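Working notes, structure below.
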Protein chains: 2
Amino acid sequence: MSVQERKERERAARERLIVATARELAEQQGWDAVTTRRLAERIEYSQPVLYSHFRGKREIIGAVALQGATELAAAVRAATSAADGPRARVAALARAYLDFAERNPAVYDALFELDGGLAYAQEDTPEPLKDAFAALLETLTDVAGDAHPGLFTETFWAALHGLASLTRTGRLPPADTEQRLELIVSRLATT
Amino acid sequence: MSVQERKERERAARERLIVATARELAEQQGWDAVTTRRLAERIEYSQPVLYSHFRGKREIIGAVALQGATELAAAVRAATSAADGPRARVAALARAYLDFAERNPAVYDALFELDGGLAYAQEDTPEPLKDAFAALLETLTDVAGDAHPGLFTETFWAALHGLASLTRTGRLPPADTEQRLELIVSRLATT
DNA sequence: CATCTTGTCTAGCACTGCTAGGATCGGGTC
DNA sequence: GACCCGATCCTAGCAGTGCTAGACAAGATG
């Protein structure tokens, strides 16, 4: 059995390598540059090896997205727990979210822009995604006011996503991001 | 000269045909299905003809986007002008925007999701895009409160785009769209 | 040591956006 | 009306894409 276990370990390690390499390549040159050939070359295996781990490119994007979801949740929780008072925590959450999107554009794309074959907002939604939403919910519930916490969180999230998405694709000038953020926080959140 | 003019007319007509066909194909089967071969076949010309009108596929997407911007501006203006009072006009604007995104998903993608090679929020931004933003600005200025009208419009637009984008890609359940919309309108707009 | 499974690679498919070069058609000139 | 020449269009092809069938070799098992 030890032999089989070793093989499984090696296989798992290679899978992590694939995901890490795809993510790295995407952050460096964008997702368009992440082709199965280039990815295979970078991990020093042939193309078909990728398909013994993932059904296709879409699933690789999905794997990067799940990794990103975990990190996003952690980033949001770290930021909110370091702030005092509901209002300050919401502002910290918003900044942490936009900061994550700016620092990890490819991961953000994998999560919220591209098709990674993941189910969102359903029963079979992967745990990391549920948890990332939960991280938002924890802080935003306190400022939902008379709105349903889940619905409020969805709406607040959508506003943040709109800012992140439009800014990153050059549709909004990046200069006034902070002011837009403060506008969203101050108006959407009930004190 | 008449001959040349006729040729120019025919050429312009063919260009409109290309754009209309690309849009139609995109709405029917998504932008991925809009390949230069399929597009060429539908307009009953060979592929290279496309490149005598547009630099490449990106520019075709851009042409569809510009068409969509004009229609979006018209839709927003029609909706807002039919409502009484600033608050009702804002709600009408938001509904018209989301309605446009839902009815014309491919056009919406061309405008705000894909790369059509257009400049946004700059001096050399095409007129239809500027005008679409102006259509939002006209109504939203009245409810900007103490915020700068332009900045407020950008922020409100981002919130709407977030809703449209996340809903259309299956990241938000479509059921409660109306409630999220009302939340945005009631909290972002000052009465 | 022979066998057989497991894993990997080579080679190839059908498709993509895009382009070079040749053929053909039409208008302008004699 | 005949010719030429330029504009216009198409055939064929390039390099690249995601993905897969089948050959092959290395390893574990008897």
Which of rounded, prolate, oblate describes the stretch A:95-170, given a ≥ b ≥ c as roots of the alpha-carbon gyration tensor eigenvalues and a/c under 1.5 marking rounded, otherwise prolate only if a/b is larger than b/c?
oblate
Which ³J(HN,Hα) values, rounded to whole Hz and listed in residue order, are derived for the stretch B:112-128 from phi using the Karplus coefficients 6.51, -1.76 and 1.60 in 6.51 cos²θ - 1.76 cosθ + 1.60 with θ = phi - 60°, glycine and proline given as x?
10, 10, 8, 9, x, x, 9, 8, 10, 6, 9, 5, 8, 5, x, 3, x
Shape of the stretch A:1-53 from its Cα gyration tensor (a ≥ b ≥ c, root eigenvalues): rounded if a/c is under 1.5, otherwise prolate when a/b > b/c, or oblate?
prolate
Given the whole protein assembly as supplied and a 1.4 Å probe, what does the accessible area of residue A:31 come to in Å², nearest 10?
30
As a test of the definition: with a 1.4 Å probe, what buried accessible area, both sides summed, do you compute for A against B, in Å² to the nearest 100?
2900
Under 5 Å from the placed amide H of residue A:145, counting only residues 5+ away or on other chains, we find A:190
Starting from the Kirkwood radius over alpha-carbon pairs of the protein assembly as shown, derive D by Stokes-Einstein at 37 °C in a medium of 0.692 mPa s and give it in µm² s⁻¹.
145
In whole Hz, what ³J(HN,Hα) sequence does the stretch A:21-37 give by Karplus (6.51, -1.76, 1.60; θ = phi - 60°), x for Gly and Pro?
5, 4, 4, 4, 4, 5, 5, 6, 10, x, 5, 4, 7, 7, 9, 4, 5
Inter-part gap, Cα centre of the stretch B:156-182 to Cα centre of the stretch A:10-37, in whole angstrom, is 31
With a 1.4 Å probe and all protein chains left in place, how much of the accessible area of the stretch A:1-110 comes from carbon and sulfur atoms, in whole percent?
49
Considering every residue in B:114-120, what mean count of other chain Cβ atoms within 10 Å of its Cβ is obtained?
2
GNM top mover of A:22, A:83, A:132 - chain A, alpha-carbon springs below 10 Å:
A:83
Got a sec? Charge dipole of the protein assembly as shown, +1 on Cβ for Lys and Arg, -1 for Asp and Glu; which of A:100, B:47, B:105 is way out at the positive end?
B:47
Using a 7 Å Cα-to-Cβ projection, residue B:82 label spacings across copies, nm, ascending
5.1
Find the accessible area per residue for the stretch B:78-173; the probe is 1.4 Å, ligands and nucleic acids are left out, and the unit is Å².
39
Mind giving me the FRET efficiency for residue B:71 and residue B:119? R0 is 25 Å, r the Cβ-Cβ distance, nearest 0.05 is fine.
0.80
What does the charge add up to near residue A:143, with Lys and Arg as +1, Asp and Glu as -1, over the other residues with Cβ less than 10 Å from its Cβ?
+1
Computed magnitude of the charge dipole of the protein assembly as shown (debye, nearest 20; Cβ of K, R +1, Cβ of D, E -1):
940
Could you identify which residue out of A:73, A:159, A:94 has the top mean-square fluctuation in a GNM of chain A using Cα springs shorter than 10 Å?
A:159
For the stretch A:128-191, the Cα gyration tensor yields equivalent-ellipsoid semi-axes (√(5λ), largest first, whole Å) of 22, 15, 8
What area, in nm² and to one decimal, does the C-alpha convex hull of chain B cast on average over all directions?
12.9
Where along chain A is the Cβ that lies nearest the axis linking it to chain B, and how many Å separate them?
A:162, 2
Using the Cα atoms of the stretch A:87-126 to build a convex hull, what is its mean projected area in square nanometres?
3.7
Using a label point 7 Å beyond Cα on the Cα-Cβ vector, give me the inter-copy distances for residue A:49 in nanometres, one decimal, shortest first.
4.8
Solvent-accessible area per residue for the stretch B:1-53 (1.4 angstrom probe, square angstrom)
70
Simple label model, 7 Å out from Cα along Cβ direction - residue B:4 to residue A:52, nm
6.7
Place a point 7 Å from the Cα of residue A:16 in the direction of its beta carbon; the residues of the stretch A:48-64 whose amide N falls under 20 Å from it are A:50-54, A:60-64
The helix B:177-188 Cα axis meets the longest alpha-carbon principal axis of chain B at an angle in degrees, between 0 and 90 and rounded to 10, of 60
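The values are calculated or read from the model by the stated rules, or taken from the named source; none is laboratory data. Being a predicted model, the structure only gives us computed values, none of them experimental. Using ideal geometry, Cβ is built from the backbone for each residue, glycine included, and neighbour counts are taken over all protein chains shown. To get the accessible areas, we keep the full protein, side chains included, count just its heavy atoms, and leave off ligands, DNA and RNA. Shrake-Rupley method; radii C 1.70, N 1.55, O 1.52, S 1.80 Å.
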